Amino acid sequence: MKLFSIICLGFVSITCNTIYSQNKDLDESIKRGKDIYQDFCITCHMGNGEGLAGAFPPLAKSDFLMNNRAKSIHAIKYGLQGEVVVNGKKYNSVMASQGLTDDEVADVMNYITNSWGNKNEKIVTVKEVSEVKK
Amino acid sequence: MKKLIFIIPFITIALSACAQQTESSVKAEDPKTLSYTTEVVVSDIPIAWGLEFLPDGSMLITEKAGALIHFKDGVKTNITGAPEVYNRGQGGFLDIKLHPDYANNGWIYMTYASSEGEGTGGNTALMRAKLSGTSLTNQEVLYKAGPNTTRGQHFGSRIVFDNDGYLYFSAGERGDHFVNPQDLTKDNGKIYRLYDDGRIPEDNPFVNTPNAKKAIWSYGHRNPQGMIKHPITGEIWAHEHGPQGGDEINIVKKGKNYGWPVISYGINYDNTILTELTAKEGMEQPLFYWVPSIAPSGFAMVTSDKYPDWKGNLLVGSLKFGYVERLVLENNKVIKREKLFEGVGRVRNVVQAPDGFIYLGVEGKGIVKVIPN
């Protein structure tokens, strides 16, 4: 019995630990991602991710971003061109690749999917970004 | 207490009034009639940043990611030996310009983001080289701004020669506005003036200023991506990106301070105030400012006979709104603004070619020619 509780406790603490450290990783990634955003994205997608009507699609509450995780990573990594529909509105423009490293793409993804009303608890990892191929 | 509550709305109004920007004095209109249209003449170039015409009428096009494209008789050829570029954020292959005496000396000048030199990241560089067949040869790096940084913003950069053969080029402040533009001992946020071989002219304004970068011609710039020689006066005119609001056109004069970030008609992207000042003693006022911003890139003054109703007007590309802005001047004052070809795409470059036609670099398209309809 005693052994059982120790094992149980052990599991609980391991689980707690992973959740805790994942949140910590996520928080730190979001923090770094904010700097990347202000450096590389804000000129087009604007201060609150609202974009600019007719020119730059929003990231705040964007169905494209929140429902297409791999496609969004692909867009940030390699650029995006041609018609896209974001929240029912059509855009037909170009976003060039910003030349970010995989860890920077992960950070900025974690930031934009957790800002301005967006919520995403499943952290985007460097590994995940590296597996998105051209 | 009651009194205090009464005051609150006034304070709020007063505060928000501070954040209000004064819009441009002249608003951009849709054209009433337009006798010109656009035609794609070189397609499938992601970002045609710079454009120059060789004496045979063929084009040299810099593509931001690093390719130098020669377009002749309908065929695109990649030129080898182009500079190695640091393609990140707004940096990459930038402008290209022929020497005014190209016919005799063959020199071609290019600006680009380069990771050569001190620090990780990149910064703006100027190279000259000659074209031999499908290769560049005799490459010489004439200037490299430093130190490098991994920031994505503000490399400049346009190249212009004046009537006396001096070369001017711009380097933006690399996102470090409190550090670079007002400091003469640092690169970035500057327009530079050099001899065509890269030497520093003896009459540059800061040659005797201790520790100053001697190539500096003017400072306090943010990110100039349009620069021309005025076809009549020979002056150098440049426009630059402001932050949110506050793009400017300036006549670039020897040793002058254009004020960034001490004075600006713009505010930060998060809507906070960057500076309360729009004017200050010792700092130049722009010839014109844009609020809201159009994100200007590419600059031309129309002189050719192909567009009689545009003679003497300025054309400026708008990256943000995807049009070409036509500005009508009277005694160096903008009296009218018109939006041309709205929806054409992000306009990166505007050039009046030796054949008199206007050509645009449009992102996601390539080179677009403005023709009578």
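Brief remarks on what is shown
- Given (1) surrounded by fewer than 21 Cβ atoms within 10 Å (Cβ to Cβ); (2) touching a residue at least 12 places away in the same chain (Cβ under 8 Å); (3) over 30 Å from B:Phe178 (Cα atoms), number of the condition B:Leu277 does not satisfy: (3)
- Scan of the range B:332-373 for residues that are in contact (Cβ under 8 Å) with a residue 24 or more places away in the chain, within 14 Å of chain A (Cβ to nearest Cβ) and not aliphatic (A, V, I, L, M), ordered by number: B:Lys339, B:Glu342, B:Arg346, B:Arg348, B:Gly361, B:Glu363, B:Gly364, B:Lys365, B:Gly366
- Qualifying residue in the range B:275-286 (condition: closer than 17 Å to B:Gly175 by Cβ and under 20 Å from the mean Cα position of the chain (by Cα)): no
- Annotation note: Cβ proximity below 8 Å between a residue of the range B:207-225 that is without any contact (Cβ under 8 Å) to a residue 60 or more places away in the chain and of a type in the set (A, V, I, L, M) and a residue that is surrounded by fewer than 21 Cβ atoms within 10 Å (Cβ to Cβ) and part of a strand (DSSP E or B) (sequence gap 6+ or interchain) occurs for no pair.
- Of all residues in the range B:206-244 being more than 20 Å from B:Asp162 (Cβ to Cβ) and either within 16 Å of the chain's Cα centre (by Cα) or of a type in the set (Ser, Thr, Tyr) (or both), the one that is most open to solvent (accessible area, probe 1.4 Å): B:Thr209
- Test: residue in the range B:296-316 that is without any contact (Cβ under 8 Å) to a residue 40 or more places away in the chain, open to solvent by less than 40 Å² (accessible area, probe 1.4 Å), part of a loop (DSSP other than H, G, I, E, B) and within 14 Å of chain A (Cβ to nearest Cβ): no
The rows are residues; the columns are (1) assigned to a loop (DSSP other than H, G, I, E, B); (2) open to solvent by less than 40 Å² (accessible area, probe 1.4 Å); (3) of a type in the set (S, T, N, Q).
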position	(1), (2), (3)
B:Arg337	no, yes, no
B:Glu342	yes, no, no
B:Gly345	yes, yes, no
B:Arg348	no, yes, no
B:Pro354	yes, no, no
B:Tyr359	no, yes, no
B:Ile367	no, yes, no
B:Val370	no, yes, no
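- Taken together, the criteria exclude A:Glu131 from residues that are loosely packed, with under 15 Cβ neighbours inside 10 Å, more than 14 Å from chain B (Cβ to nearest Cβ) and touching a residue at least 60 places away in the same chain (Cβ under 8 Å).
The values are calculated or read from the model by the stated rules, or taken from the named source; none is laboratory data. Keep in mind that what you see is a predicted model, and the values were worked out from it rather than measured. In this analysis, Cβ positions are derived from the backbone assuming ideal geometry, glycine residues included, and neighbour counts consider all displayed protein chains. All accessible areas refer to the heavy atoms of the entire protein, side chains included, with ligands and DNA or RNA removed. Shrake-Rupley method; radii C 1.70, N 1.55, O 1.52, S 1.80 Å.
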